[in-house]
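Encoded as C-alpha coordinates, the structure appears first; notes follow it.
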Ligand SMILES: [Ca+2]
Ligand SMILES: [Ca+2]
Ligand SMILES: [Ca+2]
(Lines give C-alpha, C1' and ligand atoms only; values in the text may rest on other atoms or scores of the structure.)
(Ligands and ions follow the chains in the order given, each with its own letter.)
Protein backbone atom coordinates (compact mmCIF):
# COMPACT_ATOMS: atom_id res chain seq x y z
CA UNK A 1 0.00 0.00 0.00
CA UNK A 2 1.53 3.32 -1.05
CA UNK A 3 1.39 6.35 1.15
CA UNK A 4 -1.35 8.15 -0.79
CA UNK A 5 -3.56 5.09 -0.52
CA UNK A 6 -2.77 4.84 3.17
CA UNK A 7 -3.82 8.45 3.70
CA UNK A 8 -7.09 7.79 1.89
CA UNK A 9 -7.74 4.82 4.13
CA UNK A 10 -7.07 6.86 7.24
CA UNK A 11 -9.25 9.69 5.93
CA UNK A 12 -12.14 7.29 5.52
CA UNK A 13 -11.90 6.56 9.27
CA UNK A 14 -12.48 10.21 10.02
CA UNK A 15 -16.23 9.90 9.62
CA UNK A 16 -16.37 7.24 12.32
CA UNK A 17 -14.95 9.71 14.84
CA UNK A 18 -16.92 12.70 13.57
CA UNK A 19 -20.05 11.33 15.21
CA UNK A 20 -22.16 14.45 14.68
CA UNK A 21 -20.92 14.90 11.14
CA UNK A 22 -19.98 18.58 11.49
CA UNK A 23 -16.65 18.10 9.71
CA UNK A 24 -14.47 18.16 12.83
CA UNK A 25 -13.60 15.69 15.54
CA UNK A 26 -14.07 17.42 18.85
CA UNK A 27 -15.00 16.78 22.47
CA UNK A 28 -18.72 16.72 21.66
CA UNK A 29 -18.26 13.74 19.36
CA UNK A 30 -16.83 11.74 22.26
CA UNK A 31 -19.24 12.91 24.96
CA UNK A 32 -22.12 12.46 22.53
CA UNK A 33 -21.05 8.88 21.87
CA UNK A 34 -20.88 8.27 25.62
CA UNK A 35 -24.39 9.67 26.11
CA UNK A 36 -25.80 7.56 23.26
CA UNK A 37 -24.21 4.39 24.66
CA UNK A 38 -25.60 5.06 28.14
CA UNK A 39 -29.07 5.58 26.68
CA UNK A 40 -28.89 2.39 24.61
CA UNK A 41 -27.90 0.27 27.59
CA UNK A 42 -30.08 2.11 30.15
CA UNK A 43 -27.17 3.17 32.33
CA UNK A 44 -27.37 6.50 34.17
CA UNK A 45 -24.65 9.09 33.71
CA UNK A 46 -24.08 9.54 37.40
CA UNK A 47 -23.50 5.94 38.39
CA UNK A 48 -19.97 4.56 38.50
CA UNK A 49 -20.09 2.97 35.07
CA UNK A 50 -21.63 6.11 33.58
CA UNK A 51 -18.92 8.29 35.09
CA UNK A 52 -16.23 5.90 33.87
CA UNK A 53 -17.64 6.11 30.36
CA UNK A 54 -17.60 9.90 30.35
CA UNK A 55 -14.07 10.09 31.72
CA UNK A 56 -12.93 7.44 29.24
CA UNK A 57 -14.48 9.47 26.44
CA UNK A 58 -12.72 12.61 27.68
CA UNK A 59 -9.39 10.78 27.89
CA UNK A 60 -9.89 9.42 24.38
CA UNK A 61 -10.59 12.95 23.14
CA UNK A 62 -7.56 14.37 24.97
CA UNK A 63 -5.35 11.66 23.52
CA UNK A 64 -6.71 12.28 20.04
CA UNK A 65 -6.21 16.04 20.42
CA UNK A 66 -2.69 15.51 21.71
CA UNK A 67 -1.82 13.51 18.63
CA UNK A 68 -3.71 15.37 15.95
CA UNK A 69 -4.85 18.87 17.01
CA UNK A 70 -1.77 20.56 15.64
CA UNK A 71 -3.11 24.14 15.72
CA UNK A 72 -4.60 23.71 19.20
CA UNK A 73 -8.09 24.97 18.36
CA UNK A 74 -9.68 22.08 20.29
CA UNK A 75 -10.95 20.37 17.19
CA UNK A 76 -9.34 17.97 14.75
CA UNK A 77 -9.90 18.78 11.11
CA UNK A 78 -9.88 16.10 8.47
CA UNK A 79 -6.45 17.28 7.39
CA UNK A 80 -5.11 17.22 10.96
CA UNK A 81 -6.49 13.72 11.40
CA UNK A 82 -4.87 12.45 8.23
CA UNK A 83 -1.55 14.14 8.94
CA UNK A 84 -1.50 13.25 12.63
CA UNK A 85 -2.55 9.67 12.04
CA UNK A 86 -0.12 9.11 9.20
CA UNK A 87 2.86 10.74 10.83
CA UNK A 88 2.49 9.56 14.39
CA UNK A 89 0.52 6.35 14.40
CA UNK A 90 1.64 4.45 11.34
CA UNK A 91 4.60 2.97 13.13
CA UNK A 92 2.94 2.79 16.49
CA UNK A 93 -0.62 1.45 16.48
CA UNK A 94 -0.14 0.53 20.12
CA UNK A 95 -0.22 4.20 21.05
CA UNK A 96 -3.69 4.46 19.61
CA UNK A 97 -4.83 1.46 21.58
CA UNK A 98 -3.38 3.13 24.67
CA UNK A 99 -5.44 6.30 24.35
CA UNK A 100 -8.59 4.33 23.51
CA UNK A 101 -8.28 1.77 26.29
CA UNK A 102 -10.09 3.55 29.17
CA UNK A 103 -13.02 4.36 26.88
CA UNK A 104 -13.22 0.82 25.54
CA UNK A 105 -12.97 -0.62 29.02
CA UNK A 106 -15.88 1.61 30.09
CA UNK A 107 -17.95 0.80 27.00
CA UNK A 108 -17.52 -2.90 27.65
CA UNK A 109 -18.61 -2.45 31.27
CA UNK A 110 -21.72 -0.57 30.14
CA UNK A 111 -22.56 -3.15 27.49
CA UNK A 112 -21.84 -6.09 29.80
CA UNK A 113 -23.71 -5.16 32.98
CA UNK A 114 -23.46 -8.52 34.72
CA UNK A 115 -19.76 -8.87 34.04
CA UNK A 116 -20.02 -12.26 32.40
CA UNK A 117 -18.25 -11.06 29.28
CA UNK A 118 -19.32 -9.00 26.31
CA UNK A 119 -21.49 -10.95 23.89
CA UNK A 120 -21.35 -10.37 20.12
CA UNK A 121 -25.00 -9.23 20.27
CA UNK A 122 -24.21 -6.50 22.81
CA UNK A 123 -21.09 -5.49 20.91
CA UNK A 124 -23.20 -5.15 17.76
CA UNK A 125 -25.64 -2.88 19.64
CA UNK A 126 -22.74 -0.70 20.81
CA UNK A 127 -21.29 -0.48 17.31
CA UNK A 128 -24.68 0.43 15.88
CA UNK A 129 -25.04 3.25 18.41
CA UNK A 130 -21.63 4.49 17.27
CA UNK A 131 -22.89 4.75 13.70
CA UNK A 132 -21.88 1.44 12.16
CA UNK A 133 -24.53 0.08 9.79
CA UNK A 134 -26.51 -2.72 11.43
CA UNK A 135 -25.45 -5.58 9.17
CA UNK A 136 -21.81 -4.53 9.27
CA UNK A 137 -22.01 -4.16 13.06
CA UNK A 138 -23.27 -7.71 13.47
CA UNK A 139 -20.56 -9.03 11.21
CA UNK A 140 -17.83 -7.05 12.98
CA UNK A 141 -19.07 -8.18 16.39
CA UNK A 142 -18.95 -11.83 15.35
CA UNK A 143 -15.41 -11.35 14.06
CA UNK A 144 -14.38 -9.86 17.42
CA UNK A 145 -15.06 -13.20 19.09
CA UNK A 146 -11.96 -14.71 17.61
CA UNK A 147 -12.07 -18.00 19.49
CA UNK A 148 -15.82 -18.42 18.96
CA UNK A 149 -16.73 -18.93 22.63
CA UNK A 150 -19.52 -16.36 22.52
CA UNK A 151 -17.63 -13.75 24.53
CA UNK A 152 -15.45 -10.81 23.47
CA UNK A 153 -12.46 -9.79 25.56
CA UNK A 154 -10.91 -6.34 25.92
CA UNK A 155 -7.77 -7.40 24.06
CA UNK A 156 -9.91 -8.58 21.14
CA UNK A 157 -11.51 -5.14 20.94
CA UNK A 158 -8.23 -3.24 21.27
CA UNK A 159 -6.55 -5.32 18.59
CA UNK A 160 -9.48 -4.84 16.24
CA UNK A 161 -9.65 -1.11 16.90
CA UNK A 162 -5.96 -0.59 16.29
CA UNK A 163 -6.14 -2.49 13.05
CA UNK A 164 -9.38 -0.84 11.92
CA UNK A 165 -8.41 2.76 12.58
CA UNK A 166 -4.71 2.74 12.12
CA UNK A 167 -3.44 -0.14 10.06
CA UNK A 168 -4.99 -0.47 6.64
CA UNK A 169 -6.43 -3.81 5.67
CA UNK A 170 -4.19 -5.79 3.41
CA UNK A 171 -5.77 -7.32 0.34
CA1 LIG B 1 -17.89 16.43 14.99
CA1 LIG C 1 -7.20 21.73 15.14
CA1 LIG D 1 -14.05 -15.13 22.66
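The values are calculated or read from the model by the stated rules, or taken from the named source; none is laboratory data. None of the values given here were measured: they were computed from a predicted structure. Cβ sites come from the backbone with ideal geometry, for glycine too, and all protein chains shown count toward neighbours.
Descriptive notes on the structure:
- Here residue 75 clears all of (1) more than 16 Å from ligand 3 (Cβ to nearest atom); (2) over 25 Å from residue 21 (Cβ atoms); (3) in contact (Cβ under 8 Å) with a residue 24 or more places away in the chain except the condition numbered (2).
- Counted residues, segment 78-112 - those being over 23 Å from residue 20 (Cα atoms) and out of contact with any helix residue (DSSP H, G or I) (no Cβ under 8 Å at 6 or more places or on another chain): 3
- Selection status of residue 29, out of contact with any helix residue (DSSP H, G or I) (no Cβ under 7 Å at 6 or more places or on another chain) and farther than 22 Å from residue 155 by Cβ: no
- Under the condition of being more than 14 Å from ligand 2 (Cβ to nearest atom), in contact (Cβ under 8 Å) with a residue 40 or more places away in the chain and buried (at least 16 other Cβ atoms within 10 Å of the Cβ), the residues counted in segment 55-72 number 4.
- Helices (runs of 4 or more DSSP H) (entirely within segment 1-95) containing at least 1 residues that are under 28 Å from residue 109 (Cβ atoms), within 13 Å of ligand 1 (Cβ to nearest atom) and modelled with pLDDT of 90 or more: 3-17, 27-40, 48-68
- Listed by first and then second residue, the pairs linking a residue in segment 142-164 that is more than 15 Å from residue 111 (Cα to Cα) to a residue that is within 16 Å of ligand 1 (Cβ to nearest atom), with Cβ atoms under 8 Å apart and 6 or more places separating them unless they lie on different chains, are 164/13.
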